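To keep things clear, I will list the structure first and then write my remarks on it.
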Amino acid sequence: MSKVLLVEDDQSIADMISIYLSEENYTVYCAANGEQGKELFSRHEPDVVILDLMLPDTNGIELCKHFRTVSNVPIMIVSAKSEVSERVNALMIGADDYLCKPFSMRELAARTSALLRRSALTQAVRPAAEDPVPMETKDIVLDLEKRGIYLHGQAVETTYSEFEIMKNFWLHPGKVFSREELLNKIRGIDSFVTERSVDVHITNLRKKIETDPKEPKYIKTVWGVGYKFEMPMKAN
């Protein structure tokens, strides 16, 4: 049974979500503020987080950042703020989905299921045995089983969506992906993400793995089409 951490200070909304998801066979842990959210997160290690932006003791953005420093768990933001800038900001700080209030319980459950399904599928992937490049010769290494990215042997923290994009690059080096193709890899059911979201994720990935993000040597822009990944190699 999947575990959901719900951080929501509106008790009526929290009760509705908790009851509905419980009927959908989820175990739901509810927190009314950021401190409780951190405590329950550490104690129960949830499979997905549903996080309200407006909390009494902290900004949900800051709490999302905190979760991202310790885990790659899928995070869905729920908020009454529907501005594009708010959605893009949520992506940039680590959210994987964004649902505007008011919303239907059915849609919330569908998106939660989509995040968990994609997470489970990714964790089931194993590195290819026929990898033609010895692991020790790569500047960048992806551990698909542990969902880890390593740059020169050092772990790189990524969001769920960033890793999904990087995974597709890694499995298909040199292949040119359109924004729409990459979008389909991270989109939930009727999700808010757009092709602009892909650009945000690419920008974030470049900041994390490129020496000079403005002159990338790994994640290349193919003008008018999309992006491609060039397999990194150490100099002999």
- Note on the structure: Expected output for segment 146-166 (first residue surrounded by 15 or more Cβ atoms within 10 Å (Cβ to Cβ), partner outside any helix (DSSP H, G or I) and not aliphatic (A, V, I, L, M), Cβ below 6 Å, 6+ apart or cross-chain) is ARG147/ASN72; ILE149/THR158; THR159/GLY94; TYR160/ASN72; TYR160/PRO74; TYR160/ASP96; SER161/ASP96; PHE163/ARG147
- Message: I need a count of the residues in segment 192-231 that are more than 22 Å from ARG87 (Cα to Cα), among the acidic types (Asp, Glu) and surrounded by 14 or more Cβ atoms within 10 Å (Cβ to Cβ).
- Response: 1
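Go over the candidates ILE61, ILE17 one by one and state the one that is out of contact with any Cys (no Cβ under 7 Å at 6 or more places or on another chain), among the hydrophobic types (A, V, I, L, M, F, W, C) and within 19 Å of MET105 (Cβ to Cβ). Please lay out each step first, then the result.
Details: ILE61 fails: within 19 Å of MET105 (Cβ to Cβ).
Result of the check over ILE61, ILE17: ILE17.
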- Keeping to segment 94-114, report how many residues are surrounded by fewer than 17 Cβ atoms within 10 Å (Cβ to Cβ) and at positive phi. 0
- Quick check: is even one residue across segment 115-127 loosely packed, with under 12 Cβ neighbours inside 10 Å and at pLDDT 85 or above? no
- Query: Among the residues of segment 176-232 satisfying the criterion of being at pLDDT below 85 and among the hydroxyl-bearing types (Ser, Thr, Tyr), which is nearest to VAL141 (Cα to Cα)?
  - Reply: SER197
- Note on the structure: Residues of segment 17-64 being more than 12 Å from VAL4 (Cα to Cα), aliphatic (A, V, I, L, M) and surrounded by 16 or more Cβ atoms within 10 Å (Cβ to Cβ), in sequence order, are ALA32, LEU53, LEU55, ILE61, LEU63
- For LEU91, indicate whether it is in a helix (DSSP H, G or I) and crowded, with 20+ Cβ neighbours inside 10 Å. yes
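The values are calculated or read from the model by the stated rules, or taken from the named source; none is laboratory data. Please read all numbers here as calculations on a predicted model, not as lab measurements. Ideal geometry is used to build each Cβ from the backbone, glycine not excepted, and the neighbour counts take in all protein chains shown.
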